[in-house]
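Below you'll find the structure, written out as structure tokens, and then a few comments.
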Amino acid sequence: MDYLSDTLGIDAIWISPFYPSPMADFGYDVSDYRDVHPMFGDLSTFDRLVARAHDADLKLIIDFVPNHSSDQHPWFIESRSSRENPRRDWYVWRDAKADGSPPNNWLSVFGGSAWELDDRTGQYYLHSFLKEQPDLNWRHPAVKAAMFDNVRFWLDRNVDGLRVDAAHYVMKDPAERDNPPNLDRSLQGHKSLGAYDSQVHVHDKGHADVHQVFRELRALLNEYESPRMALGEIHIYDWNELAAYYGEDLDGLSMPTNFGLLKAPWTAAGVRGVVDGLEAAIPQGAWPNYVLGNHDDQRLATRLGEQESRQAAVLLLTLRGSPTLYYGDELGMREVGIPPGRQQDPWALTVPSRGRDGCRTPMQWSPDSAAGFTLASEPWLPVGSDHAVRNTQSQLLDPDSHLNLYRRLLALRRGSAALRTGSYLPVDSVPPDCFVFERSLGTERVLVAVSFSAEPLSSDVPGLTGRIAVSTERANEDNEVDGTLHLLPHEAVVVVEIPSDVEPKGEE
Ligand code: GLC
């Protein structure tokens, strides 16, 4: 906690699911929404966690998994026991087609049909993810009420918000029509999912009725005196469609996650396209979100490269919106190669190239064995082989490290109202390899410039007199800027304007 709040300087933690679970999908298959898996402790451990976070001035966001439970959840055990069971309709059960095949062509994100035939009652049930994760039927009022009660359970324990897992999946086409073919093979989910991308997923998720669910969820959050929020995990790259999740009157999700920068080509135009696209689409008063790494995608520094991942840090922490930072990305942690036999992710077992274990390895705290993460002889997943150099302890001592860049950026953001809440304005008259934007609030003005060029470049920024507060090239920090910016290859800088009525610093 001290590391997160004081050393790093973040404001909130999102923890992935800690509930009782058979761990088919590492906690995203919940078998009891109101308890803690014994491997992590119990409810009193959780209460201590909340209290400790709040003592450290950190908000705590928990993962809420509404779309599906575990197949070991008592609700599903009852539901599958007979067609007449009162909880039968809590999940989605359908008859086979006349030839015995699944009710429609919907596919599971994790591979194969989204329908599993259950021999006991001779019907198929729907699972958008693993077959061990049956989809709950959110059209059933009792399901919605029970799930909202589960949300209350945790809000009453003082959590500050929810990260709503696979949020757009909860409402499907009520007529359950087949998805049409995806003729141009455009991206349909987290990442290129192979067979999953053979369809346009218009009917098996994101039905317009989903917005009513989030309106009701937001109303529930608003029942609490202290502010509570909901960040919805939504993989949609059409900005207008994504913007709809804020709700017509900003009464939907507090923020849908924006994965645009994970997919965008890493060029000035590619990155600016995401930012401007989102900014133009979201309603007045809506607050953007940016994600550059998470537990489902390849590590940022592996995906983009060393220098680029430093630029990414500058962008993430200076764009208008809430940045979501994945643990270890502040060290530039790399994707770790997982030897055969040590894979844990069920996805790695069905489609090896989709495995997510490489970004889920132990946090690298120190050069010690197991990177100071555990005293066990063998951690759950292998420790990155670079942990002797890439760890918090060593990086804290190196002013040029990734970690110290993140710390300087976070400290700057904390002290700058313009960066925290100011407006965003892109600057047009800059070289094509450069993305430059301004953040301002009142009289405070901050300029961010990111060069995507492999060559040094200069850019005119008329009227700007300022000081480089943070740069990916630390030697340039504190340099003054007067109307022209000089950037090294792949450099990203944050320039704080020196107001014209303030005399520049004297020699001493
Ligand atoms: C989300 C989670 C992912 C999980 C899936 C199913 O996409 O981020 O880790 O496997 O939902 O719950």
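The values are calculated or read from the model by the stated rules, or taken from the named source; none is laboratory data. None of the values given here were measured: they were computed from a predicted structure. Using ideal geometry, Cβ is built from the backbone for each residue, glycine included, and neighbour counts are taken over all protein chains shown. All accessible areas refer to the heavy atoms of the entire protein, side chains included, with ligands and DNA or RNA removed. Shrake-Rupley method; radii C 1.70, N 1.55, O 1.52, S 1.80 Å.
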Query raised in the report: If you count the DSSP beta bridges with both ends in the chain, what percent of them are antiparallel, to the nearest 5?
Result: 70 percent
Query raised in the report: Can you list residues whose amide H is under 5 Å from Asp118's amide H, if they're 5+ apart or on another chain and H is modeled 1.01 Å from N?
Result: Gln123, Tyr124, Tyr125
Report task. Kindly write out, for region 331-338 in residue order, the coupling ³J(HN,Hα) from the Karplus curve 6.51 cos²θ - 1.76 cosθ + 1.60 (θ = phi - 60°), rounded to whole Hz, with x marking Gly and Pro. Result -> 9, x, 4, 9, 4, 9, x, 9
Query raised in the report: Rolling a 1.4 angstrom probe over the protein heavy atoms, how many square angstrom per residue are accessible across region 1-94?
Result: 43 Å²
Query raised in the report: When the accessible area of the chain is computed with all protein chains present and a 1.4 Å probe, what percentage of it is carbon and sulfur?
Result: 52 percent
Query raised in the report: Which order do peptides 50-60, 375-385, 350-360 fall in by mean Cβ count within 10 Å, highest first?
Result: 350-360, 50-60, 375-385
Report task. Quote the FRET efficiency, to the nearest 0.05, computed for Ser458 versus Trp380 with a Förster distance R0 of 41 Å and r equal to the Cβ-Cβ distance. Result -> 0.25
Requested in this report: Note the angle between two axes, namely the Cα long axis of helix 141-155 and the longest principal axis of the Cα atoms of the chain, as a number of degrees from 0 to 90, rounded to the nearest 10.
Outcome: 40 degrees
Query raised in the report: For the pair Arg342 and Arg420, what calculated FRET efficiency results from E = 1/(1 + (r/R0)^6), where r is the Cβ-Cβ distance and R0 = 41 Å, to the nearest 0.05?
Result: 0.45
Query raised in the report: Whose amide H sits under 5 Å from the amide H of Ser453, counting only residues 5 or more places off or on another chain, with H placed in the peptide plane?
Result: His490
Query - J(HN,Hα) series, region 78-83, from Karplus relation 6.51 cos²θ - 1.76 cosθ + 1.60, nearest Hz, glycine and proline x - result: 5, 4, 7, 5, 6, 5
Report summary line: Where a ≥ b ≥ c are root eigenvalues of the Cα gyration tensor, a/c under 1.5 meaning rounded, otherwise prolate if a/b exceeds b/c and oblate otherwise, region 74-126 counts as oblate
Report summary line: In whole Hz, the Karplus estimates of ³J(HN,Hα) for region 254-271 (6.51, -1.76, 1.60; θ = phi - 60°; x where Gly or Pro) are 4, 7, x, 5, 10, 9, x, 6, 6, 9, 5, x, 7, 9, 4, 5, x, 6
Query raised in the report: What number comes out for the charge environment of Leu488, summing +1 per Lys or Arg and -1 per Asp or Glu over other residues with Cβ under 13 Å away?
Result: -3
Report task. Express the relative contact order of the chain as a whole percentage, based on alpha carbon pairs under 8 Å and six or more residues apart in sequence. Result -> 9 percent
Query raised in the report: Any idea of Ser5's accessible area? Nearest 10 Å², probe 1.4 Å.
Result: 10 Å²
Requested in this report: Label region 423-497 by shape, choosing from rounded, prolate and oblate, from the square roots a ≥ b ≥ c of the eigenvalues of the Cα gyration tensor; if a/c is under 1.5 it is rounded, and otherwise prolate applies when a/b is larger than b/c, oblate when it is not.
Outcome: oblate
Query raised in the report: So how tilted is helix 306-318 from the main axis of the chain? Cα-based, degrees 0 to 90, rounded to 10.
Result: 90 degrees
Query raised in the report: Cα convex hull of the chain: mean projected area in nm², to one decimal?
Result: 26.0 nm²
Query raised in the report: So how much accessible area does Glu444 have, in Å² to the nearest 10, using a 1.4 Å probe?
Result: 60 Å²
Requested in this report: Could you order Met39, Met1, Met255 so the one with the most accessible surface comes first? Probe is 1.4 Å.
Outcome: Met39, Met1, Met255
Query raised in the report: In whole Å, how far is the Cα centre of region 1-38 from that of region 273-297?
Result: 24 Å
Query raised in the report: In nm, to one decimal, how far is the Arg34 label point from the Gln72 one, both placed 7 Å along Cα→Cβ?
Result: 2.0 nm
Query raised in the report: Between region 447-465 and region 364-397, what's the alpha-carbon centroid distance in Å?
Result: 37 Å
Query raised in the report: Hey, can you rank 239-245, 340-346 by average C-beta count inside 10 Å, highest first?
Result: 239-245, 340-346
Query raised in the report: Just the accessible area per residue of region 342-383, please: how many Å² with a 1.4 Å probe?
Result: 49 Å²
Report task. Evaluate E = 1/(1 + (r/R0)^6) for Lys97 and Gln212, where r is the Cβ-Cβ distance and R0 equals 41 Å; express this FRET efficiency to the nearest 0.05. Result -> 0.85
